[in-house]
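FYI, it's all coordinate maths here, none of it is from the lab. All values derive from a computational prediction rather than experimental measurement. A quick note on method: Cβ atoms are made from the backbone with ideal geometry, for glycine too, and the neighbour counts reach across all protein chains shown.
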Amino acid sequence: DLGETADVVTNIMTGYGISPDRIRKAADIMTMTFTKSNTTLMEIAEAYKYSASLLSAGGIDFEEATAGLGILGDAGIKGSQAGTTMRTIMANIINPTKKQLANWERIGVARTDANGRVRPLMEIFKDLSEAGLYVDDFYKLFHKTAAQGAVSLANNVDKWNEIIRENFLSGGVAKKLAEEKKNTIAGL
C-alpha cells in the first residue's frame, strides 16, 4: 500500500544518502529498473537494506546500483541475497585481501581511477567481461558469497548499461505507470 511504499522508498533514500527533494527521481529510477528487469520494489528495498550505505559511500550512482540489482534479479538473485552480493562485491573492490589484490593485478582490471576513487561498477564489470575470465577467477576476486552475482553482472553488461541509461532518462515514469494502473479494472 501507499504507506508501506513511502516507508520503503524513504528508507532506501536515507540509506543511500539521497535528499528528500529527489524522491520523485528515486521513485522513477526504481520504477524503471523493476519494469526492465525481473525484480520488484520490495526486492530492491530488501537488497538496499544490506548495501545502500556502502554503495553510496563508494560513489556508485544510484542509477547504476539500482540497475545492477535489476540484473541480479534477472539471474534469480533477489532481495537480501542481492544486497549481500552487491555489498560483498563492493567490499572486495574497495578493500581486497592480498590474494585478491594479486588477482586483480594479474587480470589487469583497474578497480580505481587515477584519483584512487572506485570506478563505476559497470565499467569494472565490462572490463571483467572482456578479460575472458574463467569461473575460478571470479571466485578469486569475489569469494563464494558474491562470485555468482559477479558472473551474472559480467555476462550482462550490455543490458546493465541499457538499464542505467534508461534510469538516467526515467523522469516521470512512476507517475505514468501509476496513471496506467488506475485505468485498469482493479485500479478503478
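Modelled spin labels at S80 and T112, positioned 7 Å past Cα toward Cβ, are 3.3 nm from each other.
In the chain, helices alone account for a calculated mean residue ellipticity at 222 nm of -23500 deg cm²/dmol, with every DSSP H run of four or more residues adding -39,500 (n - 2.57). Taking every alpha-carbon pair under 8 Å whose residues sit at least 6 apart, the chain reaches a relative contact order of 27 percent. Summary of packing: across the peptides 9-22, 29-42, the per-residue average of other C-beta atoms within 10 Å ranks them, highest first, as 29-42, 9-22.
Dipole magnitude for the chain: about 320 debye, using +1 per Lys or Arg Cβ and -1 per Asp or Glu Cβ, origin at the Cα centre. Each Cα pair under 8 Å and six or more residues apart adds its separation to the average, and for segment 57-168 the resulting relative contact order is 39 percent.
Were the residues from E162 through H143 laid out at 0.36 nm apart, the gain over their Cα-Cα distance would be 4.1 nm. Taking Cα atoms only, the orientation of helix 157-168 departs from the longest principal axis of the chain by about 40 degrees.
Across segment 49-54, coupling constants 3J(HN,Hα) worked out from phi with the 6.51/-1.76/1.60 Karplus curve, θ = phi - 60°, read 4, 9, 9, 4, 4, 5 Hz, and Gly and Pro carry x. Using only the Cα atoms of segment 21-128, build the gyration tensor, take square roots of its eigenvalues as a ≥ b ≥ c, and label the shape rounded, prolate or oblate: rounded if a/c is under 1.5, else prolate if a/b is larger than b/c, else oblate. In terms of gyration-tensor shape, prolate.
Find the relative contact order for segment 22-75 and round it to a whole percent, using C-alpha pairs within less than 8 Å whose residues are 6+ positions apart. Could you put the intermediate results ahead of the total?
On the way: 31 pairs, mean separation 26.5, N = 54.
This gives 49 percent for segment 22-75.
State the label only: which of [x] 17.7, 70; [y] 19.2, 62; [z] 16.9, 59 corresponds to Rg and Dmax of the Cα atoms in Å computed from the shown model? Only one listed value fits the structure, namely [z].
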